[in-house]
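Encoded as structure tokens, the structure appears first; notes follow it.
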Amino acid sequence: MTSSRFPGFYRHTPMERRKAIAEEIHFDSPELFDASSLSLQHADIMVENVIGTFAMPLAIAVNFSINGSDRLIPMVVEEPSVIAAVSNMAKLVRPHGGFQSHSDESIMIGQVQLYDVSDPVACIEKLNHSKEFFMEQAHQIHPRLIERGGGIRGLDFRHIRYDEEGETPSDMVVMHFYLDCVDAMGANMINTIAEMLAPRLQDITGEKVGLRILSNYATKRLATARCQIPVNALNVDGISGELVAKGIINAYRFAYADPWRAATNNKGIMNGIDALAIATGNDWRAIEAGAHAWAARSGQYRSLGKWSLKDDSLVGELTLPMQVGTVGGPIRTHPQVAANLKILGNPRAKELSGIMAVIGLAQNLGALRALATEGIQKGHMRMHSRNIAIQAGAKHSEIPLVVERMSETHSFSLEFAQQILQSIRSP
């Protein structure tokens with residue numbers, strides 16, 4: 001791909017945008033951008049009790065430079081302002097080195113639980129003596145994964161205690177094993193290994209086996225994104241860059257200190273990440289679960305992102321668990337997912353993890369800058385005004401006129417939109 005810059009992209013019609021993207025990525029099947037490309041037959045293979053398919057807007061975020069390479073970002077989201085925010089922030093960051101990202105190897109964690117353990121110390125000692133045996137057993141389960149460079153990377157044992165107030169305490173011992181899943185998300189591979197190892201744990205310890213399943217708290221599979229913007233590049237509508245930077249940092253500190261604010265802050269970050277996860281056929285619910293657990297790792301729920309001043313520049317950083325795949329699952333059966341990965345440049349899973357983190361950081365920057373300057377509602381309602389115009393009965397040619405009038409007066413009610421339409425249509 002030559003460039004992710006498409007000046008005035010939002011002014012084009014959907015068909016013009018589609019043509020431009022298809023030409024840029026040398027894609028000869030732009031019809032796959034349509035929801036209708038997922039047939040009823042394919043949908044019926046994917047899940048149970050299918051009666052149809054449900055369409056969501058598929059849009060492209062532009063202007064991104066990540067680790068020195070341009071990226072077009074496919075996103076599936078229904079909320080106005082998300083695409084505009086990340087595209088605008090990518091444009092802002094682009095002249096200053098763009099975004100940088102780094103991702104761990106694709107290591108997922110599996111768990112096998114032993115419950116009601118009478119002597120956890122003795123149980124763990126037995127298991128530690130058999131560690132090599134468990135490693136050998138696990139290595140034999142997915143030989144093709146080993147051929148692709150993946151496989152078991154280690155295992156350990158933990159003693160945890162259930163001590164809920166008002167209930168009888170009990171002790172558990174849990175095996176954690178670590179699997180490099182390469183380009184897969186890895187849930188099925190992890191669960192297979194857990195099921196295979198469970199009887200061996202029971203034989204060696206004589207204890208009762210409970211759950212055998214992956215953990216979506218993927219702490220061995222972290223992705224980090226970073227950007228740095230000179231303060232003087234942050235000037236907005238007569239507000240100095242210094243004040244904008246201070247406002248962004250203040251908003252971050254509020255989210256760090258207060259879980260009520262952090263929940264909304266992190267929801268904004270996930271607005272971008274979830275939209276890319278859906279577009280690429282990844283399990284956004286697993287990503288959400290891991291992200292929110294990571295945000296609470298200190299014992300208090302905090303902001304996922306961090307913003308600070310360094311050498312007259314605003315520095316943003318975001319780190320979170322990122323369990324994604326680029327093979328398997330709906331990637332095989334959903335034609336739009338394959339098309340969206342093509343738009344992204346067909347990244348490996350590790351690379352996609354970094355892109356996900358970048359989108360989350362860009363979304364956070366857009367939201368915090370809006371809060372520090374015009375306020376989030378003003379920008380959001382400007383984008384939402386198109387929906388209000390449609391609800392008021394505006395035709396396609398009338399929508400821009402209604403939107404412009406509502407934005408000028410900062411009035412975004414359905415009643416006012418209907419009044420505008422009446423005035424437009426009056427002879």
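The values are calculated or read from the model by the stated rules, or taken from the named source; none is laboratory data. This structure is a prediction, so every number in the text was calculated from the model and none was measured. Note: ideal-geometry Cβ built from the backbone for every residue, glycine included; neighbour counts use all protein chains shown. Note: areas computed on protein heavy atoms with side chains; ligands, DNA, RNA excluded. Shrake-Rupley method; radii C 1.70, N 1.55, O 1.52, S 1.80 Å.
Remarks
- Number of residues in the stretch 117-129 that are within 16 Å of Val209 (Cβ to Cβ) and surrounded by 12 or more Cβ atoms within 10 Å (Cβ to Cβ) equals 6.
- In the stretch 407-427, the residues that are over 13 Å from Ile390 (Cα atoms) and in a helix (DSSP H, G or I): Ser407, Glu408, Thr409, Gln419, Gln422, Ser423, Ile424, Arg425
- Test: residue in the stretch 141-150 that is over 23 Å from Leu352 (Cβ atoms) and within 32 Å of the chain's Cα centre (by Cα): yes
- Across the stretch 67-81, not a single residue is classified as among the aliphatic types (A, V, I, L, M) and open to solvent by 70 Å² or more (accessible area, probe 1.4 Å).
- The listed residue being charged (D, E, K, R), modelled with pLDDT of 95 or more and open to solvent by 30 Å² or more (accessible area, probe 1.4 Å), out of Glu147, Glu132: Glu132
- The stretch 1-16, subset open to solvent by 90 Å² or more (accessible area, probe 1.4 Å) and outside any helix (DSSP H, G or I), residue farthest from Gly345 (Cα to Cα): Pro7
- Extreme residue, modelled with the highest pLDDT, among residues of the stretch 17-61 that are hydroxyl-bearing (Ser, Thr, Tyr) and open to solvent by 70 Å² or more (accessible area, probe 1.4 Å): Thr53
- Arg158 being in a strand (DSSP E or B) and either basic (Lys, Arg) or open to solvent by 70 Å² or more (accessible area, probe 1.4 Å) (or both): yes
- Criterion: surrounded by fewer than 20 Cβ atoms within 10 Å (Cβ to Cβ), assigned to a loop (DSSP other than H, G, I, E, B) and touching a residue at least 12 places away in the same chain (Cβ under 8 Å) - qualifying residue of Thr219, Thr192: Thr219
- Residue match in the stretch 271-292 (condition: at positive phi and polar (S, T, N, Q)): no
- Total residues in the stretch 275-292, condition over 14 Å from Ile60 (Cα atoms) and open to solvent by 10 Å² or more (accessible area, probe 1.4 Å): 8
- Looking at Arg148, Arg200, just one residue is under 30 Å from Arg332 (Cβ atoms), out of contact with any strand residue (DSSP E or B) (no Cβ under 7 Å at 6 or more places or on another chain) and charged (D, E, K, R), and that residue is Arg148.
- Taken as a whole, the structure places Ala263 among residues that are surrounded by fewer than 17 Cβ atoms within 10 Å (Cβ to Cβ) and assigned to a helix (DSSP H, G or I).
- Qualifying helices (runs of 4 or more DSSP H) (wholly inside the stretch 307-377; at least 3 residues being open to solvent by less than 20 Å² (accessible area, probe 1.4 Å)): 335-344, 349-372
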